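As structure tokens, the structure follows; a few thoughts come after it.
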């Protein structure tokens with residue numbers, strides 16, 4: 001049966017009991033329509049569930065991603081430390097093997113040393129070696145410098161000709177007891193390109209840190225960071241003593257610039273920063289550090305830079321966080337909460353210990369997660385845009401069904417009025433409508449019996 005309009009007396013302001021309904025503007029308390037109530041409840045439920053699931057998923061994924069990022073950073077730092085050790089291995093091997101050659105103890109002459117060709121070949125093969133040299137107990141000295149070392153900075157620092165490949169340096173005693181110094185540029189084919197002589201040499205190998213350290217030990221040593229006399233740039237030396245008629249020390253130099261170029265090639269992310277530092281907290285190498293060193297080459301006192309003066313407060317914090325000498329690893333977050341930190345020790349020799357530190361922004365690792373989160377939020381917004389109108393439609397249908405039930409209740413005391421048909425997808429509302437229909441029939445039957 002079709003749905004009827006409400007009885008006429010309701011439109012006249014009368015309630016089913018005959019009492020007057022509240023006049024317009026006279027409201028018995030604050031009321032909200034059923035449609036808005038149901039809509040608000042359902043909408044709040046949907047939004048709350050979606051927001052909770054989205055927030056929890058993002059939080060859990062962020063924690064998991066950060067933990068994975070820290071593990072990745074630690075593995076990367078350990079791998080870089082191992083690669084640096086392998087990078088330094090040729091220098092250590094060269095110092096070990098060359099010091100055992102009988103010809104190393106031979107005195108150099110004005111032209112060349114017996115091991116010169118072997119040293120030049122080794123420097124051509126091992127790009128990590130800046131120079132190899134021999135210092136004798138009587139003050140003589142012989143050195144072969146690779147001009148392509150330190151990313152080409154050796155060539156710039158020595159103002160070498162374009163065709164030059166090696167720089168040979170020899171210090172010999174003079175007849176008057178003083179010492180002279182001969183410099184020679186050699187090409188790739190070992191031919192002499194240019195040379196000059198310093199009548200008096202101001203360099204005494206016996207006073208250099210590599211010589212003093214190596215002569216005090218039987219095993220190979222590695223010096224602390226210091227400024228190379230020939231290059232004017234910092235680095236460290238792997239040195240080993242040898243015996244002979246005139247004993248001495250064989251040394252191999254590795255520059256900070258060379259290690260800086262090496263670090264630049266192994267950075268794990270675009271925004272990551274890396275540095276090698278020693279136990280004193282001085283920077284040994286860092287990407288981009290070599291150009292800064294070259295600019296300050298004329299001021300040796302400023303070449304060994306403490307971490308605090310690197311211009312990177314997060315890296316300085318990392319270096320300061322190494323609790324004690326020999327600590328193998330430090331990892332965690334920076335104090336600003338925006339960076340992940342990792343430190344690993346480099347096994348570079350018994351005399352000095354180096355560390356590699358890695359700093360990476362958390363955003364480098366969680367950026368993909370944030371992209372997924374933003375896409376998820378966009379999907380949720382689309383879902384709500386479509387879902388909330390559907391929620392309103394559902395609430396509206398429930399409201400209309402309840403209004404129909406209210407219409408039945410109002411028709412109960414009015415015989416002869418036609419029932420209002422209630423149709424709802426809510427089972428309880430339909431049951432209530434059926435119960436009211438039964439009550440109406442009972443009342444009608446009771447009136448008829450009373451009228452008889």
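The values are calculated or read from the model by the stated rules, or taken from the named source; none is laboratory data. Everything quoted here is computed from the prediction, not taken from an experiment. So basically every Cβ, Gly included, is an ideal-geometry build from the backbone, and we count neighbours across all protein chains shown.
In this structure, does residue 167 turn out to be assigned by TED's automatic domain parsing to the domain that holds residue 237, modelled with pLDDT of 90 or more and within 27 Å of residue 259 (Cβ to Cβ)? For residue 167, the condition - assigned by TED's automatic domain parsing to the domain that holds residue 237, modelled with pLDDT of 90 or more and within 27 Å of residue 259 (Cβ to Cβ) - is met. Test residue 122 against the criterion of being part of a strand (DSSP E or B), assigned by TED's automatic domain parsing to the domain that holds residue 203, within 30 Å of residue 267 (Cβ to Cβ) and touching a helix residue (DSSP H, G or I) at 6+ places or on another chain (Cβ under 9 Å), and give yes or no. It is false that residue 122 is part of a strand (DSSP E or B), assigned by TED's automatic domain parsing to the domain that holds residue 203, within 30 Å of residue 267 (Cβ to Cβ) and touching a helix residue (DSSP H, G or I) at 6+ places or on another chain (Cβ under 9 Å). Could you say whether any residue in the range 129-146 is over 22 Å from residue 200 (Cβ atoms), out of contact with any helix residue (DSSP H, G or I) (no Cβ under 8 Å at 6 or more places or on another chain) and not assigned by TED's automatic domain parsing to the domain that holds residue 357? Checked the range 129-146: no residue is over 22 Å from residue 200 (Cβ atoms), out of contact with any helix residue (DSSP H, G or I) (no Cβ under 8 Å at 6 or more places or on another chain) and not assigned by TED's automatic domain parsing to the domain that holds residue 357. At least 1 residues being without any contact (Cβ under 8 Å) to a residue 24 or more places away in the chain, over 42 Å from the mean Cα position of the chain (by Cα) and surrounded by fewer than 23 Cβ atoms within 10 Å (Cβ to Cβ) is the threshold, and among the strands (runs of 3 or more DSSP E) wholly inside the range 173-269 those reaching it are 179-187, 192-198. Summed over the range 83-106, the residues that are surrounded by 16 or more Cβ atoms within 10 Å (Cβ to Cβ) and outside any helix (DSSP H, G or I) give a count of 1. Scanning the range 301-339 for residues that are modelled with pLDDT under 75, surrounded by fewer than 17 Cβ atoms within 10 Å (Cβ to Cβ) and assigned to a helix (DSSP H, G or I) gives 301, 302, 308, 309. Quick check, is residue 294 modelled with pLDDT under 80, in a helix (DSSP H, G or I) and in contact with a helix residue (DSSP H, G or I) (Cβ under 7 Å, 6 or more places away or on another chain)? Yes, satisfied.
Please go through the range 348-363 and pick out each residue that is at pLDDT 75 or above and either surrounded by fewer than 16 Cβ atoms within 10 Å (Cβ to Cβ) or assigned to a helix (DSSP H, G or I) (or both).
The answer is 363, and nothing else.
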